[in-house]
């Protein structure tokens, strides 16, 4: 048997159900490995060992009583922007360094209800704004495949922990690529569900019309198992849709014969690493061999407006959402003054990092008198154009395929001082959030020893199709079985 | 679009974001660069198009206005930077 921390969810579940291992054993093994390795990877803001072991004991009692669902007793790492009652939730920001939520996020309630185990809270870019974890106010996470490289972001801690086998799975959040881009950089599976599929209740808000929680997993089956638990309507998030949740695992094995795949040429962008492009083309040929019908000449003509529209819409929403951090109810508060305004201004000045301030400024500007029509309203209309591109394409294709990112993981520090270059690393992922459709990134090969992510995009609520296509490719290729050797 | 120092300070004031002189200089350059990249949107033909606020076709979700249990006051106030009895304590708003 392999080391317990290297198991997938479905492998762990089989052993737990047969009582060949206990959740306490599995959790101890994960914690031991996570603690031994996290000095190098730095995936976690905090490792919640005591909490995890208590949950594992409860899971073992549930299993003894015959209640063993696929996530029962299986340890996960949770991105540190999901509220966990009684456990500090920092968003990797000084603003929330000491914030202890009085309630659980909806997804945490869902996990608790099946006796899942939380082993740690994952590092991220501050308030989920960034593509590398370098915007964390505390430290940068390292890519397990090359410790000099970023893991991607903003869910970089979650992706790195899964890639390093330092947990069994993780949850992340994705506003413009924050699950898929780090999944691609770290060689794991990452799914951004359809907007409205998973409740955002208790997720610290960044851009409310774009944010969505989703799984980071070691394989496609695990991603489906996680989706089965976290999906569904929640009255506390009125943007969740009142649709039933299918069994995402059931859909996996029906094959892709006749699946209509389109390759949008606008995504093979200028500045794309040629070897990344080649890797994706080879992967698509593999899907063709497996029975899919591929059209290599699809056009989504408004793709070129995606980046600009996103960097108006997301900061605008962020500037409104982050106005709540005024030092009154919770979070960092500058109190060394008798002036209310000075207290508020200095709270934000000292509580937020550079990228968060940049986006608040950008969003405030785009929403301000005289500029609203030219920026915000224009971007919302462009959003309509981008959405229509996808609607039209999905009349002809079941799945669109693109690289997840134009390059493999870049070096720590390489883009840290150039916001425009950093924003470009999300150019293939952010149109998907703009349109609200689902997309999954899966490993498709390696370039220079670093993983390449392939993105499958589908129409609203087509997660079953995406998972089925991703599963077919995964089962025909060796990439998900390759693991980094951590130096 | 080139921003001036005054515009940067004005935006910061609108956001009630304290800003140092060094940050004014840094944001002036960086935000101007970013705004230049937005010029491409003028090429998008959006004549007569409706704006999209969010992407899933749900509107006006209602639910009955029923009172339910709330979090205990002590839990809610546990993170308060300043507290007096069951209130958040702030500096004087009116002087």
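So the values come out like this:
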| read-out | value |
| --- | --- |
| Chain lengthening between residue A:304 and residue A:329 when straightened (0.36 nm per residue, less Cα-Cα) | 4.9 nm |
| Sorted peptide list for A:149-156, B:9-16, criterion being average Cβ within 10 angstrom, highest first | A:149-156, B:9-16 |
| In nm, spacing of pseudo-spin labels at residue A:372 and residue A:446 (7 Å Cα→C-beta vector) | 5.4 |
| Where only alpha carbons of segment A:1-158 are counted, the Rg and the Dmax (Å) | 15.7, 47 |
| When the convex hull of its Cα atoms is projected in every direction, mean area for segment A:4-60 (nm²) | 3.9 |
| Segment A:347-487: C-alpha gyration tensor shape, a/c 1.5 cut-off, then a/b vs b/c | oblate |
| Between segment A:246-312 and segment A:86-161, the alpha-carbon center distance in angstrom | 29 |
| Cα-Cα P(r), segment A:25-86, percent of pairs per 5 Å interval | 4, 16, 25, 23, 19, 10, 3, 1 |
| Pairwise Cα inverse-distance average, inverted: Kirkwood Rh of segment A:75-234 (Å) | 14.8 |
| When the convex hull of its Cα atoms is projected in every direction, mean area for segment A:430-481 (nm²) | 4.0 |
| Relative contact order (%) - criterion: Cα under 8 Å, at least six apart; region: segment A:255-347 | 28 |
| Computed Rg/Rh of segment B:1-58, alpha carbon atoms with Kirkwood Rh | 1.15 |
| Within the protein assembly as shown, helix-based [θ] at 222 nm, where runs of 4 or more DSSP H residues each add -39,500 (n - 2.57), nearest 500 | -11500 deg cm²/dmol |
| Number of partner chain Cβ atoms within 10 Å, mean per residue of A:373-382 | 5 |
| Rounded FRET efficiency, nearest 0.05, which uses the C-beta distance separating residue A:20 from residue A:341 and R0 of 51 Å | 0.25 |
| Pairwise Cα inverse-distance average, inverted: Kirkwood Rh of segment A:247-396 (Å) | 19.5 |
| Segment A:189-220-segment B:7-42 distance, computed between alpha-carbon centres (Å) | 30 |
| Rounded to 5, the percent of DSSP beta bridges in the protein assembly as shown classed as antiparallel | 70 |
| Taking all pairs of distinct alpha-carbon atoms in segment A:311-395, Kirkwood radius in angstrom | 14.7 |
| Fully extended contour minus Cα-Cα distance, from residue A:275 to residue A:420, at 0.36 nm per residue | 49.9 nm |
| Using alpha-carbon coordinates, inclination of helix B:5-14 to the longest axis of chain B, degrees | 30 |
| Segment A:66-168: radius of gyration and largest Cα-Cα distance (Dmax), Å | 14.1, 46 |
| Highest-MSF residue in chain B out of B:20, B:70, B:42 [GNM, Cα springs under 10 Å] | B:70 |
| Average silhouette area of the protein assembly as shown, convex hull of alpha-carbon atoms, in square nanometres | 26.6 |
| Residue A:98 versus residue B:21: modelled label distance in nm, points set 7 Å from Cα along the beta carbon direction | 3.3 |
| Nearest-0.05 FRET efficiency for residue A:64 and residue B:45, computed from C-beta distance (R0 51 Å) | 0.20 |
| Part-to-part distance (alpha-carbon centres) for segment A:1-77 and segment A:430-475, which is given in Å | 27 |
| Inter-chain Cβ neighbour average for residues B:36-45, partner chain, 10 Å | 6 |
| Neighbouring partner chain Cβ atoms per residue of A:338-346, average, 10 Å criterion | 4 |
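Each value in this text was obtained by applying a stated rule to the coordinates, not by laboratory testing. All of these numbers come straight from a predicted model, not from anything done at the bench. In this analysis, Cβ positions are derived from the backbone assuming ideal geometry, glycine residues included, and neighbour counts consider all displayed protein chains.
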